[in-house]
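Okay, structure first, notes after.
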Amino acid sequence: MSNLTHCKIGEIGKFAGQEVLIRGWLYNKRSSGKIHFLLVRDGSEILQAVMTKDSVPEKTFKAFDLLTQESSLMVSGKVREDKRAPGGYELEINEIEIIQFAKDYPITPKEHGVAFLMENRHLWLRSSRQIAILSIRNEIIFSIRKFFYDKKFVLIDTPILTSAIGETGTTLFETQYFDLGKAYLAQTGQLYVEAACMAFGNVYCFGPTFRAEKSKTRRHLTEFWMVEAEEAFYDNNDNMNLQEELIEYIVSWVLEKCQKELEVIERDTTFLKKVKRPFPRISYEEAVKLLQSKGAKIKFGEDVGGDEETILANSYDKPFCVYNYPKKIKAFYMKPHPEREDLVLNNDMLAPEGYGEIIGGSQRNDDYDSLVARIKEEKLPLEAYEWYLDLRKYGSVPHSGFGLGLERTVTWICGLPHVRESIPFPRMLYRLYP
RNA sequence: UGGGGUGUAGCCAAGCGGUAAGGCAACUGGCUGUUAACCAGUUUAUGCGGAGGUUCGAAUCCUUCCACCCCAGCCA
């Protein structure tokens with residue numbers, strides 16, 4: 001058996017007429033008495049394998065009775081094209097070797113509640129829907145890296161353990177760092193990527209970030225992956241152009257590479273196909289007026305809340321940017337608007353279909369004095385930002401950057417109701433297991 | 001942290017003051033083309049998230065605790 005060609009089910013079509021070896025797990029089985037069907041999965045696809053009482057030795061035929069859902073096994077046989085089989089190809093079984101019997105696999109091919117599935121996330125990953133979603137995640141990650149690589153952006157890995165530095169407001173996870181006091185899990189790599197930007201020109205980081213916020217909503221995780229680009233000599237407008245180009249690239253990549261997966265999760269791709277530049281852009285002030293005209297209670301100076309985000313996100317059929325927010329609701333490092341002191345040069349990008357914010361970006365404050373003033377205004381510890389301020393002392397240039405939330409992007413592209421399925425092992429307020 | 005909700009067998013779920021439906025899974029048998037196969041049968045809760053209480057009687061009403069879900073704030 002082992003001297004046969006091992007074949008991934010996803011490539012089974014190339015082996016029609018040949019005898020191959022499949023290694024995987026039993027997804028399900030059916031029988032009509034003298035004919036048995038095994039559904040075997042191997043991570044690439046599911047394959048139907050058949051045997052009849054006359055086609056195999058009795059011992060092989062009887063192996064069917066022993067097999068249980070998710071038992072690991074090797075099956076050999078001849079590949080045949082057959083319209084009756086799901087996937088169009090079928091395996092005529094010669095031999096079966098059971099590697100391990102699975103006893104009472106908890107997730108049956110029926111409906112289950114979210115709580116139960118999350119508790120069994122380590123097994124839930126094996127279901128076709130979860131495999132499809134995480135495969136799309138894989139393609140999205142790859143497309144992002146390729147996008148930046150092709151544009152000659154340099155990948156800069158930023159530290160996960162940091163001293164107290166970052167944005168204001170958000171709560172951080174802390175841990176004792178030897179004798180040096182407290183260390184915090186990074187909530188952003190931005191400040192570091194700004195330093196690297198002054199070394200390489202265009203850079204990005206892509207890693208996990210942590211927020212100890214007690215948010216329990218469908219769009220929040222305590223640990224999530226973020227792509228942060230930082231571009232020297234880009235203004236806010238150049239920054240938005242780059243964001244749009246990236247989003248268009250990711251979506252077209254997924255549409256090209258993940259057709260099968262999108263079908264499995266039954267994603268209606270109508271809106272995804274419309275994700276072509278240019279995207280609509282609306283200033284914060286216009287957005288407030290638009291929202292007020294639609295009956296929202298938002299006032300100038302207030303942040304755009306979840307409900308408002310949903311109203312806006314339903315007003316467009318493709319991603320769009322809201323730019324130039326009031327200074328007082330945004331981070332200290334954003335560059336003030338040259339003509340409007342109360343505004344900053346920034347933008348959020350919101351995904352359509354009610355998904356909301358996926359990107360936050362801004363032109364950075366590159367002026368030493370006004371940045372120091374802002375840090376003091378926010379009552380941040382100036383000493384911690386000394387190295388960051390150095391960047392404004394030694395060859396400061398206009399620069400911009402943005403952060404894209406990976407899980408929110410996956411959730412939107414897959415059309416999921418909640419971010420928790422967009423990451424293999426979600427970390428949430430009430431979830432640390434498995 | 002506020003507001004709302006749920007917890008009954010391995011899973012899903014009915015019952016809403018009178019003594020625990022049903023389905024799936026599992027198990028047994030039947031079927032040579034099944035598609036979450038089908039058909040027939042068998043088994044599973046002195047107990048309904050935990051602890052108190054009211055009552056002749058509690059899954060059901062009350063108190064309290066726990067776990068989880070949804071919405072809001074914060075943000076990616």
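The values are calculated or read from the model by the stated rules, or taken from the named source; none is laboratory data. Because the structure is a prediction, the values reported are computed rather than measured. For neighbour counting, all protein chains shown are included, and Cβ atoms are generated from backbone atoms with ideal geometry for every residue, glycine included.
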Practice problem: Scan the stretch A:93-114 residue by residue and report those that are near RNA strand B (Cβ under 9 Å from one of its atoms) and surrounded by fewer than 13 Cβ atoms within 10 Å (Cβ to Cβ). | Solution: A:LYS103, A:ASP104, A:THR108, A:PRO109, A:LYS110, A:GLU111, A:GLY113, A:VAL114
Quiz item: What is the residue count in the stretch A:285-300 for residues that are at pLDDT 80 or above and within 11 Å of RNA strand B (Cβ to nearest atom)?
Solution: 1
Quiz item: Hey, any hits in the stretch A:348-360 for a residue that's exposed (fewer than 15 other Cβ atoms within 10 Å of the Cβ) and either of a type in the set (Ser, Thr, Tyr) or closer than 26 Å to A:LYS299 by Cβ (or both)?
Solution: yes
Quiz item: Of (1) free of Cβ contacts under 8 Å to residues at least 60 places away in the same chain; (2) of a type outside the set (A, V, I, L, M); (3) outside any helix (DSSP H, G or I), A:PHE64 satisfies all except one. Which?
Solution: (3)
Exercise. For A:MET428, state whether it is outside the structural domain of A:ASN239 (by TED's automatic domain parsing), crowded, with 17+ Cβ neighbours inside 10 Å and either under 31 Å from the mean Cα position of the chain (by Cα) or under 30 Å from A:ARG121 (Cβ atoms) (or both).
Key: yes
Quiz item: Do we have A:LYS29 as within 10 Å of RNA strand B (Cβ to nearest atom) and in contact with a Phe, Trp or Tyr (Cβ under 8 Å, 6 or more places away or on another chain) here?
Solution: yes
Quiz item: Among the numbered criteria (1) more than 13 Å from A:ASP348 (Cβ to Cβ); (2) more than 11 Å from RNA strand B (Cβ to nearest atom); (3) more than 22 Å from the chain's Cα centre (by Cα), which single criterion is violated by A:ASP317?
Solution: (3)
Self-check item: Unmet requirement for A:GLU407, which otherwise passes all of (1) more than 16 Å from the chain's Cα centre (by Cα); (2) within 30 Å of A:MET118 (Cα to Cα)
Solution: (1)
Quiz item: Looking at the stretch A:290-340, which of the residues that are touching a residue at least 24 places away in the same chain (Cβ under 8 Å) and in a helix (DSSP H, G or I) is surrounded by the most Cβ atoms within 10 Å (Cβ to Cβ)?
Solution: A:LEU312
Exercise. Answer yes if at least one residue in the stretch A:106-114 is outside any strand (DSSP E or B), of a type in the set (S, T, N, Q) and in contact (Cβ under 8 Å) with a residue 24 or more places away in the chain, and no otherwise.
Key: yes
Quiz item: Among the listed residues A:GLU58, A:GLU45, which satisfies the condition of being of a type in the set (Asp, Glu), free of Cβ contacts under 8 Å to residues at least 12 places away in the same chain and more than 11 Å from RNA strand B (Cβ to nearest atom)?
Solution: A:GLU58
Quiz prompt | Test: residue in the stretch A:392-404 that is assigned to a helix (DSSP H, G or I) and either away from RNA strand B (no atom under 16 Å from the Cβ) or surrounded by fewer than 15 Cβ atoms within 10 Å (Cβ to Cβ) (or both) | solution = yes
Exercise. Give the stretch A:97-115 a look and list any residue that's hydrophobic (A, V, I, L, M, F, W, C) and either modelled with pLDDT of 90 or more or within 23 Å of A:LEU66 (Cβ to Cβ) (or both), or say none.
Key: A:ILE98, A:ILE99, A:PHE101, A:ALA102, A:ILE107
Quiz item: What number of residues within the stretch A:71-92 satisfy the criterion of being in a strand (DSSP E or B) and within 11 Å of RNA strand B (Cβ to nearest atom)?
Solution: 6
